[in-house]
Amino acid sequence: MFATKVVRSPEMVNKVLQSFYAAGGYDALVLPKLSIVNSETGRVQAKFQVEKQHLNRLQSVHGGLLATAVDIGGSLALASHGLFATGVSTDINISYISGAKEGQTITLDARCDKLGKTLAFTSIDLTADGRLVATGRHTKFVAQAYSHPENELGRKKSH
């Protein structure tokens, strides 16, 4: 059985996002200006502006960038539950609905649908100007993530 402490999800979500950037890897390279708009347990809203480097050859937002946003969004939704270690991806999918152009702001609405002992399931909607751009699902293996010392969510033995 899992028990939660009082979770300051906005702080944890920002801490996790900053750790992605501090690692200096792919996330920092492609989405360094992603900003958190709102965070509550189980849900995170964030945004970024589409820039020249985010475009494909047709001058629309690149699908790979949107897939990265789904990946990051799913991780942040888990962070909102108090997990600093957000697990590893086991499955990610995305459906592309419409495009977005340079200068438009894309908003992520990331939700944790289920946080279990082994797997976590998230859903992410990406919108621009009130129009759905893409929707995705992200499944993560979290069993080992529960033991990270920086987590605010801990495992307790059931009685």
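The values are calculated or read from the model by the stated rules, or taken from the named source; none is laboratory data. Only a predicted model underlies this, so the values are computations on that prediction, with no experimental measurement involved. We place every Cβ from the backbone using ideal geometry, glycine too, and count neighbours over all the protein chains shown.
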| request: State yes or no: is residue 17 assigned to a helix (DSSP H, G or I) and under 21 Å from residue 121 (Cβ atoms)? | output: yes
| query | Do the conditions hold for residue 68, that is, is it assigned to a helix (DSSP H, G or I), touching a helix residue (DSSP H, G or I) at 6+ places or on another chain (Cβ under 8 Å) and not hydrophobic (A, V, I, L, M, F, W, C)? | reply | yes
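Which count do you get for residues in the range 124-134 that are in a strand (DSSP E or B) and either surrounded by 14 or more Cβ atoms within 10 Å (Cβ to Cβ) or among the small types (Gly, Ala, Ser) (or both)?
As a first pass, look at the range 124-134 and keep what is in a strand (DSSP E or B): 124-128, 131-134.
Right, trim to either surrounded by 14 or more Cβ atoms within 10 Å (Cβ to Cβ) or among the small types (Gly, Ala, Ser) (or both) and you get 124-128, 133-134.
Residues meeting the conditions: 7.
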| task | Go through the range 84-99 and give me each residue that's of a type in the set (A, V, I, L, M), over 14 Å from residue 123 (Cβ atoms) and not in a loop (DSSP other than H, G, I, E, B). | result | 88
| Qualifying residue in the range 45-62 (condition: out of contact with any His (no Cβ under 7 Å at 6 or more places or on another chain), under 28 Å from residue 143 (Cβ atoms) and not hydrophobic (A, V, I, L, M, F, W, C)) | yes
| query | Within the range 39-52, is even one residue at pLDDT 95 or above and assigned to a helix (DSSP H, G or I)? | reply | yes
| Complete set of residues in the range 52-111 that are touching a residue at least 60 places away in the same chain (Cβ under 8 Å), of a type in the set (Val, Ile, Thr) and surrounded by 24 or more Cβ atoms within 10 Å (Cβ to Cβ) | 61, 70, 86
| said: Restricting to the range 114-123, count the residues that are surrounded by 14 or more Cβ atoms within 10 Å (Cβ to Cβ) and not aliphatic (A, V, I, L, M). | reply: 3
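For the range 60-91, enumerate the residues that are under 28 Å from residue 103 (Cα atoms) and either of a type in the set (D, E, K, R) or touching a Lys or Arg at 6+ places or on another chain (Cβ under 7 Å) (or both).
Let us first name the residues in the range 60-91 that are under 28 Å from residue 103 (Cα atoms), namely 60-77.
If the condition is that a residue be under 28 Å from residue 103 (Cα atoms) and either of a type in the set (D, E, K, R) or touching a Lys or Arg at 6+ places or on another chain (Cβ under 7 Å) (or both), then 60, 71, 74, 77 are the ones that fit.
Conditions tested, residue by residue: (1) modelled with pLDDT under 95; (2) aromatic (Phe, Trp, Tyr).
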residue	(1), (2)
20	yes, yes
30	yes, no
54	no, no
62	no, no
78	no, no
88	no, no
104	no, no
